[in-house]
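What follows is a set of notes on a single structure, which appears directly below.
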């Protein structure tokens, strides 16, 4: 999960860098192309206009006014390129097909202007040209410059310039593509450098989640990532302190429970002996005294069972719980547990014979008593205990036909002191039975799982691998 997130972030950073680089490449390449194109065309245009202006200035004085067609043709031949010469719309001399048809709008603009004008166009789809036009003006006898009626138009092919522009465009895009590749490479290196602290943070967070509370990050520089590393270190230190305090408090609480249970054990033993005597005398007591004696006896036994459970949990916590292993017929052990509590007529069994296992008979009895007792007390009949072999171990299933365990209860059913129904907190057991049962299963190297049957009802599965002999 974390790896996919890291790769995704790297790709997003590279994509962002690449997008910025692509925009910069397009803008730079486009601007360079337009600038070079305009420079090339402007150079061609300026040379054409200068050449036409120079030639007209040189040869226009040789044309008599008004000229004859022969004079006009002679003047046109002196001018280089495709040139057309007009005189007041009456005479014309053209230098080839491109000058035979001139745009009317361009002729009108040249006729009314005293400057050299130009216009770009196409002879065909792939034959661009430049058209330059000017009028010939002269100074009259009183010093006023006036048109002579001569108009000169020259057409210059831009095919060579267009080829240069096309090559320039191709090189520009090739250069841009190479620049983009370089930018992506730089982006990869930059993303790796930027994400290195993030990867270190992710690694440190994983170690912290695994309980290594001494994990710290190196703080480099004073940027946002350094601030993040400092915040992580502060949080880790706070977490370490809080977890240490919680562990200390938990240890103190367990020690307190163990001490209290041990201190209560002796007086409860004496009280149990006393209530047994009281119960024997209840028939000779007044009714009120008999009820009180039975109530005291019941509550004393509940308190005694609670103390025993607390002492058992304390032994598990202290690591002092051990196994007294011996070889037992598992089916017989299950029947003995049911018979000892008078449940043999209330529980259905499927117990194949011949499964002999090496286990702790007393601890198996505790597990089965808790599971069957819960099924009878909180489920509904029929209650079924099923024994089966699994590889070199055994599996015991205890199921009932009641409503089953709510989904919200399943994750916590083995928690200490947990009760699904808060209304039972006073009248029922201590909430330690299933926790003790699971600890006994683990002590055997097995497991205890809770679930619901497909047809309804709770189902507890005890697995004890490797116990068969």
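Every number here is computed from the coordinates shown, using simple stated rules; none is lab data. Predicted model, so just to flag it, every value in this text is computed and none were measured. Quick reminder, even Gly has a Cβ in these numbers, built from the backbone with ideal geometry, and neighbours come from all protein chains shown.
Some notes on this structure:
- Pairwise FRET efficiency - residue 228 versus residue 39, Cβ, R0 = 45 Å, nearest 0.05: 0.30
- Computed helical MRE - 222 nm, the chain, DSSP H runs ≥ 4 contributing -39500 (n - 2.57), nearest 500: -19500 deg cm²/dmol
- Paramagnetic label reach from residue 295 (point 7 Å along Cα→Cβ; backbone nitrogen cut-off under 18 Å): within the stretch 241-278, residues 275-276, 278.
- Residue exposure proxy: 271, 49, 249, 285, ordered by other Cβ atoms within 10 angstrom of their Cβ from fewest to most, comes out as 249, 285, 271, 49.
- The residues 215, 104, 332, 231, when put in order of fewest to most other Cβ atoms within 10 Å, stand as 104, 231, 332, 215.
- Length gained when the stretch residue 108-residue 173 is fully extended (0.36 nm per residue, less Cα-Cα span): 19.3 nm
- FRET efficiency for residue 246 and residue 281, using Cβ-Cβ distance with R0 set to 56 Å, rounded to 0.05: 0.65
- Fewest neighbouring Cβ atoms within 10 Å first, the residues 72, 295 line up as 295, 72.
- Computed extension length for residue 203-residue 163: 8.6 nm, one decimal, from 0.36 nm per residue of separation with the Cα-Cα distance subtracted.
- Rounded to two decimals, the Cα-based Rg/Rh of the chain, with Kirkwood Rh, is 1.55.
- Per-pair calculated FRET efficiency, R0 = 45 Å: residue 193 and residue 302 via Cβ, rounded to 0.05: 0.10
- Cα point-scatterer Debye curve for the stretch 2-166, base-10 log of I(q)/I(0) at q = 0.08, 0.10 Å⁻¹: -0.38, -0.50
- Largest-first principal axis extents of the Cα set of the stretch 326-464 (Å): 43, 29, 28
- From largest to smallest, the equivalent ellipsoid semi-axes obtained for the stretch 234-354 from the alpha-carbon gyration tensor read 38, 29, 13 Å.
- Over all orientations, the stretch 78-212 has a Cα convex hull whose mean projected area works out to 16.7 square nanometres.
- Between the helical axis of 224-281 and the longest alpha-carbon principal axis of the chain there is an angle of about 20 degrees.
- The DSSP beta bridges internal to the chain are antiparallel in roughly 95% of cases.
- The gain in end-to-end length when the residue 335 to residue 220 segment is fully stretched comes to 34.5 nm, 0.36 nm per residue minus the alpha carbon separation.
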